[in-house]
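Some notes on the structure that comes next.
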RNA sequence: GGCCCUAUAGUCUAAUGGCUAGGACGCGACCCUCUCAAGGUCGAGAUACGGGUUCAAUCCCCGUUAGGGCUACCA
């Protein structure tokens, strides 16, 4: 049975990188008819919050990544919050102590900090010196539990993405497995949980590759079977530094709020570090069908917002128009007040080919809602001259006679007028566009006029000198 | 500092020990056209550097450089 897990620590919203780790795990599980488990690693009690748990859950839900076991959907391997598993960790820590594979360490953080500084000065590896390793007497006071790293051995990580990676145990510390407050550290809790939850494949970020030997050594100490490991490359910002808030929106939910569709975000992050032939656009089912760890790339990828935008525009164009209308509606209400829904629907449909991001809709549409919309400098150039005033006046007179006021009839009228005036269509349309929208860029003029309606159009054209 | 990972255009990637190194975003031009989009056609643009192995290296090996990660009583 394939069992994988996504194990975020709830210290903030679901990050793009976390979202992709979740996605790869989820795709791997779904592809193999396995289970996808969500485990909350909240052992950092100072930084973990309940709110963060909720935002992570919402982020996953928005992406459509559902979990078979985890918060709100219990399986047989819970609890799925690490803070609710404290007795379990204690039991296994005690076992290590009893077997002489771990020991109590009474060094204070201050002492350790001092030693680290000294080592740095002497340009030596800042590594725990094993002071408490063979303590005969208990000096009392607070203590941590350290793992007794087997020295003189090589620990090999067999990674599904990177191949074989070797580490010398001697370079690894006697790392802490239980903190002085009795809470296990990440490396210890993850191993205990992954074993107990029968995780078959550990798929996680590259940043954990260097931690893997520490975990393997624990598996060995317990005599447990190793899971398969797959370390996927990191996502970086444009400056090649680890993607973070500094680079703009870094959390999944922010992309929702910015006007991206979840399927676009899924498609984009799936392609970041994974690919299938020359294909760019994948449905969710295609991703499940085609995803394999073998096709995961080894190199870190830079998050490219432009490509995400392109994909998003793509999905907007292929989505059901009603859905896009629904997404635009609250934004337009917010910007321009409550509006007639049928009117909104007509407007949004004019912009389906023009939106890359849903939220752009408000900036594109002020002239549909206000008569004192802003005027571009370029648009002004089409107005004010004697010629343009004449054109607009003539146009206004002709428009009165167009009935019903629909684009086919409007088009006929424009073409007739152009012929009568012996000018090209553009000569009439450009000033008209400027007058009714204040812009030089709009959807096709006949559509715009129809949607605006005869009254509004007439009113706007009337503003110009007789 | 030590250890580990990575290296194909600005970005994401494909490819084989042997064709003009393929695709996508972005960029430019053109077509379409009432403008902007969308769509279509075309174009510029890459194997980090230096050594090997080989008849032949983007691919295999070594080194350098660059970037990233770990080196916490964070995860």
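The values are calculated or read from the model by the stated rules, or taken from the named source; none is laboratory data. Because the structure is a prediction, the values reported are computed rather than measured. When we count neighbours, we look across all protein chains shown, and the Cβ atoms used for this are built from the backbone with ideal geometry, even at glycine.
The set of residues from the stretch A:95-116 being outside any strand (DSSP E or B), within 19 Å of residue A:149 (Cβ to Cβ) and more than 40 Å from the chain's Cα centre (by Cα) comprises A:95, A:97, A:98, A:99, A:100, A:101, A:106, A:107, A:115. For the stretch A:112-144, filtered to residues that are in contact (Cβ under 8 Å) with a residue 24 or more places away in the chain and within 8 Å of RNA strand B (Cβ to nearest atom), the residue that is surrounded by the most Cβ atoms within 10 Å (Cβ to Cβ) is A:144. Could you check the stretch A:381-402 and list, in sequence order, the residues that are touching a helix residue (DSSP H, G or I) at 6+ places or on another chain (Cβ under 7 Å) and at pLDDT below 85? Correct list: A:382, A:383, A:388, A:402.
Against the conditions (1) surrounded by 14 or more Cβ atoms within 10 Å (Cβ to Cβ); (2) away from RNA strand B (no atom under 13 Å from the Cβ); (3) in the same structural domain as residue A:139 (by the TED database), residue A:89 satisfies every one except (2). Of the helices (runs of 4 or more DSSP H) contained entirely in the stretch A:284-353, those carrying at least 3 residues that are away from RNA strand B (no atom under 13 Å from the Cβ) fall at A:284-290, A:321-336, A:341-351.
Scan the stretch A:332-350 for residues that are in contact (Cβ under 8 Å) with a residue 40 or more places away in the chain, within 23 Å of residue A:262 (Cα to Cα) and surrounded by fewer than 18 Cβ atoms within 10 Å (Cβ to Cβ) and the total you get is 0.
Answer with yes or no whether residue A:65 is crowded, with 18+ Cβ neighbours inside 10 Å, at pLDDT 95 or above, within 15 Å of RNA strand B (Cβ to nearest atom) and closer than 30 Å to residue A:20 by Cβ. No, not satisfied.
Only one of the numbered conditions (1) within 14 Å of RNA strand B (Cβ to nearest atom); (2) in a helix (DSSP H, G or I); (3) surrounded by 14 or more Cβ atoms within 10 Å (Cβ to Cβ) is violated by residue A:415, and that is (3).
Comparison of A:177, A:202, A:161 shows that the only residue that is part of a strand (DSSP E or B), under 24 Å from residue A:28 (Cα atoms) and in contact with a strand residue (DSSP E or B) (Cβ under 6 Å, 6 or more places away or on another chain) is A:202.
The lone criterion from (1) in contact (Cβ under 8 Å) with a residue 60 or more places away in the chain; (2) closer than 26 Å to residue A:182 by Cα; (3) more than 16 Å from RNA strand B (Cβ to nearest atom) left unmet by residue A:34 is number (2). Each residue in the stretch A:258-283 was checked for being within 9 Å of RNA strand B (Cβ to nearest atom) and either surrounded by fewer than 16 Cβ atoms within 10 Å (Cβ to Cβ) or over 12 Å from the mean Cα position of the chain (by Cα) (or both), and 10 of them qualify.
Taken as a whole, the structure leaves residue A:221 outside the set of residues that are at pLDDT 95 or above, surrounded by 15 or more Cβ atoms within 10 Å (Cβ to Cβ), in a strand (DSSP E or B) and more than 10 Å from RNA strand B (Cβ to nearest atom). For the stretch A:355-391, taking the residues that are in contact (Cβ under 8 Å) with a residue 24 or more places away in the chain and closer than 15 Å to residue A:452 by Cβ, the one that is farthest from the chain's Cα centre (by Cα) is identified as A:371. Test residue A:209 against the stated conditions and say whether it is surrounded by fewer than 19 Cβ atoms within 10 Å (Cβ to Cβ), within 8 Å of RNA strand B (Cβ to nearest atom) and modelled with pLDDT of 95 or more. Yes. Going by the structure shown, is residue A:194 part of a helix (DSSP H, G or I), surrounded by 17 or more Cβ atoms within 10 Å (Cβ to Cβ), within 13 Å of RNA strand B (Cβ to nearest atom) and in contact (Cβ under 8 Å) with a residue 24 or more places away in the chain? Yes, satisfied. Picking from residues in the stretch A:234-257 that are in contact with a strand residue (DSSP E or B) (Cβ under 7 Å, 6 or more places away or on another chain) and closer than 19 Å to residue A:54 by Cβ, the one that is surrounded by the fewest Cβ atoms within 10 Å (Cβ to Cβ) is A:251. Scanning the stretch A:418-466 for residues that are assigned to a helix (DSSP H, G or I), at pLDDT below 90, surrounded by fewer than 13 Cβ atoms within 10 Å (Cβ to Cβ) and within 16 Å of RNA strand B (Cβ to nearest atom) yields one hit, A:419.
If you filter the stretch A:164-188 down to residues that are farther than 20 Å from residue A:91 by Cβ and more than 6 Å from RNA strand B (Cβ to nearest atom), you find that the one that is nearest to the chain's Cα centre (by Cα) is A:164.
For the stretch A:180-191, a tally of residues being surrounded by 22 or more Cβ atoms within 10 Å (Cβ to Cβ) and over 22 Å from residue A:28 (Cα atoms) returns 3.
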